[in-house]
Amino acid sequence: MKIYNTLSGKKEEFVPIEEGKVRMYVCGPTVYNLIHIGNARPMIVFDTARRYMEYKGYAVNFVSNFTDVDDKIIKKALEEGVDASVISKRYIEECKKDMDGMNVRPATTHPLATEEIDGMLEMIDTLLQKGHAYVAKDGTVYFRTRSFNEYGKLSHKNLDDLQGGNRSLLVSGEDQKEDPLDFVLWKPKKEGEPYWDSAWCQGRPGWHIECSVMSRKYLGEEIDIHAGGEDLIFPHHENEIAQSESANGKIFARYWMHNGFLNIDNKKMSKSLGNFFTVRDIAQKYDLQVLRFFMLSAHYRSPLNFSAELMEAAENGLERILTCVDNLKFLLTNSKEEVLRPEEETLLQEADSFRVKFEEAMDDDINTADAIAAVFELVKFANTKADGECSKALLEGLLQKICLMTDILGLIVEKKEEILDEEIEEMIEARQAARKEKNFAKADEIRAQLLEKGILLEDTREGVKWKRV
Ligand code: AMP
Ligand code: ZN
């Protein structure tokens, strides 16, 4: 399997540190709001990479953090007059629901920044002791960027260019820093903000240190793959490398994978342009499987444009696969012949050539666009060859091959059972009755059953509301 490594700027053969095992870290979202469809892209593409590596027989230890302390979370908490943890807990729960809807599997571990402060204090202390960091007058701890000789190796920037780009900082006088290139490891608290005690000041961590610490704790000092969106290459990932390699004295990650950006109608997604969509917005209109299929229809490193037309095309494409699977299942229940006939053997061999194509595409830097093309070829083949005369063995063989590929892509190819409005109302009534009897376990169970059928309940002042998610 080849992977494009941002570090070398080349596709490289993937060789894990430990045979048969993959240690992978993906930078997760900052939880201050519902996740948007841009955040969904790394979740979907790296979940697919994980599934493919597992298919190839690797045991994948997959770690992805939630950044649960940050300026945006604190701002929202102040606006709502609640603790920052209320905001982060709420949006972690919501994010997990969206992940589930997109069939993104939970990570092996989802560490939270606020639960890893001790590890951060320890790493910062090591960096201070090794001369890679210093404490400013107000207790801020900075990383001494020039002390790490290889700074810039990931983003292919050189320090003097960066210095030029940062000139304004010199003029405006970030007076506490020895050098404008230095970045924050720990900063003093401000009024009303969450804080932790430390040897330098009561305060909170800078953003970059959490990933260096969590990656080391859950995966070890050296890992195989570190991934995230391309906006993270600089400064976030560059700074993570500087911290980890300075503290541990070892190469941090061997392969760096970055997904391209998702744009809307060829423009950057932004709230001010009014072209900002959360995953929940999309779920109002489409099954989230369509969003997943759409994301995988392009190579993960290419920029991807989101538009209503492209989503319609994805919906139709996915429908073609679902219909074929449905049809094969129908034929299978009606087929009389059990065993494969001799002439069917060649058909199955031919069908297998599409699996080979699929794997070749996935082996080539997880090229899901070409992999999906192979699925379509197989669907077309199955549509032309499968009929009422086929043996069960042939139909099963075709079905298995399609499902093998769709499973790797994380696509659910079962048509969803439709649940009628009346049925929902009846279940809501049963839940209300259970609550009246103070049978909360039963009420919760009904709520969970509904969620499984894609129905989300909201208890509002005006009563219970429901929506399809
Ligand atoms: P954030 O919460 O901003 O740190 O983002 C979480 C993840 O989503 C990171 O890996 C980002 O690189 C990624 N991301 C954010 N916006 C986009 C976008 N428009 N397209 C693709 N990836 C994005
Ligand atoms: Zn990170």
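FYI, it's all coordinate maths here, none of it is from the lab. Everything quoted here is computed from the prediction, not taken from an experiment. Here the Cβ is made from the backbone with ideal geometry for all residues, glycine too, and neighbour counts use every protein chain on show.
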Shape call for the range 1-150, from the Cα gyration tensor axes a ≥ b ≥ c (a/c under 1.5 means rounded, otherwise prolate when a/b beats b/c, else oblate), comes out oblate
Between the Cα axis of helix 84-101 and the main Cα principal axis of the chain, the angle (0 to 90°, nearest 10) is 30 degrees
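Please compare each pair in LYS97/LYS190; LYS357/LYS392; LYS89/LYS465; LYS21/LYS380; LYS96/LYS190 to a cut-off of 29 Å on the Cα-Cα distance and tell me which ones are over it. Walk me through the numbers before you get to the answer.
Details: LYS97/LYS190 33 Å; LYS357/LYS392 25 Å; LYS89/LYS465 22 Å; LYS21/LYS380 36 Å; LYS96/LYS190 31 Å.
Pairs exceeding 29 Å: LYS97/LYS190; LYS21/LYS380; LYS96/LYS190.
To one decimal place, what Kirkwood hydrodynamic radius in Å is obtained for the range 130-264 from all pairs of distinct Cα atoms?
Working: mean 1/r = 0.0623 Å⁻¹.
For the range 130-264, the Kirkwood estimate is 16.0 Å.
Quick one: grab the alpha carbon gyration tensor of the range 385-424, order the square roots of its eigenvalues as a ≥ b ≥ c, and give me rounded if a/c is under 1.5, else prolate or oblate depending on whether a/b is larger than b/c. Numbers along the way, then the final one.
Working: a/c = 4.64, a/b = 1.68, b/c = 2.76.
Verdict is oblate for the range 385-424.
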The chain: relative contact order from alpha carbon pairs under 8 Å, six or more residues apart, as a whole percent, is 16 percent
Measuring from the longest principal axis of the C-alpha atoms of the chain, the long axis of helix 421-436 (C-alpha) lies at a number of degrees, nearest 10, equal to 60 degrees
Sorted largest first, the C-alpha extents of the chain along its principal axes in whole angstrom are 83, 60, 40
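Just rank MET295, MET311, fewest to most, by other beta-carbon atoms within 10 angstrom.
Numbers: MET295 24, MET311 17.
Lowest count first: MET311, MET295.
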By the Cα gyration tensor axes a ≥ b ≥ c (a/c under 1.5 gives rounded; else a/b larger than b/c gives prolate, otherwise oblate), the shape of the range 176-329 is prolate
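Over the range 108-241, calculate the relative contact order: mean separation of alpha carbon pairs under 8 Å at least 6 apart, over the residue count, as a percent.
Working: 151 pairs, mean separation 35.8, N = 134.
With pairs under 8 Å counted, the relative contact order is 27 percent.
Which ordering of SER272, SER215, SER85 is given by a fewest-first count of other beta-carbon atoms within 10 Å? Can you show the working numbers first?
Details: SER272 6, SER215 25, SER85 15.
In increasing order of surrounding Cβ atoms, one gets SER272, SER85, SER215.
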Computed over the chain: longest principal axis from alpha-carbon atoms vs helix 209-219 long axis, angle to nearest 10 degrees, is 50 degrees
